[in-house]
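What follows is a structure written as C-alpha cells; I'll ask about it next.
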Amino acid sequence: MPKNEKTKRCGSTDLASKCFLWVGNRNDTETWLLPVFDPTSTKKTQALIQTSGYRFDEVKARIPMEEHSRLRAQLAGAAQSYGLQETATTIQMTDDEVSLLLEGRLTSRLFADIEDYD
C-alpha cells in the first residue's frame with residue numbers, strides 16, 4: 001500500500017478504498033461501504049463478503065439508488081468467486097427502487113417494440 005494512502009479499519013486490517021464496493025468520497029472513509037477484500041487473508045475476505053451481503057439493506061440508503069443493482073451483482077460475483085453460497089435473503093426495496101426497476105423494464109420493452117418495426 002502506498003505511503004499516506006487513506007485506509008479504513010475493518011476487523012484487524014486497514015483496508016484501502018479499492019477493497020470496498022462503494023466509495024462515495026475517497027477522502028472520507030465514512031463513505032466507504034461494503035468491504036469485499038482483505039489482502040491479508042482469504043478467510044477474512046470471505047467473512048467481509050458475507051457480512052457485506054447481510055448488511056446491504058442497512059447501508060443502501062447511503063448509496064445512489066441507480067447503483068444498487070450493479071453493486072448487488074458485484075457482491076454476488078464476489079461471493080461466487082470465493083465459493084460462498086448465496087443465502088436466501090429477502091431483498092427489501094423502497095417504492096422509489098421499485099419504480100426505477102419498473103421504468104427500466106418498460107423502457108426496455110418499448111425499445112424492443114420500436115426495433116421490431118424497423
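Please treat every number below as a calculation from the coordinates, not as lab data. Note that this is a predicted model, so its numbers are computed, not measured. Because the Cβ atoms are built from the backbone with ideal geometry, glycine has one as well, and the counts that use them run over all protein chains shown.
Would you calculate the convex hull of the Cα atoms in the range 1-59 and tell me its volume per residue in Å³? Let's see the in-between values first.
On the way: hull volume 4.4 nm³, N = 59.
Once divided by residue count, the hull of the range 1-59 is 74 Å³.
If R0 is 41 Å, what FRET efficiency do you get for ASP28 and GLU103 from their C-beta distance, rounded to 0.05?
That pair, ASP28 with GLU103, gives E of 0.85.
Can you give me the orientation-averaged projected area of the convex hull built on the Cα atoms of the chain, in nm²? All intermediate terms of the calculation are to be shown ahead of the outcome.
Values: hull surface 39.7 nm².
For the chain, averaging the hull's shadow over all directions gives 9.9 nm².
Continuing with the same structure: Please list 3J(HN,Hα) in residue order for the range 16-21, calculated via the Karplus relation 6.51 cos²θ - 1.76 cosθ + 1.60 where θ = phi - 60°; whole Hz, with x for glycine and proline.
Once θ is set to phi - 60°, the couplings for the range 16-21 become 7, 4, 5, 8, 10, 6 Hz.
With point charges of +1 on the Cβ of Lys and Arg and -1 on the Cβ of Asp and Glu, referenced to the Cα centre of the chain, which listed residue (THR31, PRO64, ALA76) lies farthest in the positive direction of the dipole?
THR31
With an 8 Å cut-off on Cα pairs and a minimum separation of 6 or more residues, tell me the relative contact order of the chain in percent. Numbers along the way, then the final one.
Working: 106 pairs, mean separation 17.8, N = 118.
Reported relative contact order: 15 percent.
According to a simple spin-label model (label point 7 Å from Cα along Cα-to-Cβ), what is the distance in nm between ALA47 and ASP95?
4.1 nm
How high is the FRET efficiency from SER81 to ARG55, r the C-beta distance, R0 25 Å, rounded to 0.05? The partial results should precede the final answer.
Numbers: r = 19 Å, r/R0 = 0.77.
That pair, SER81 with ARG55, gives E of 0.85.
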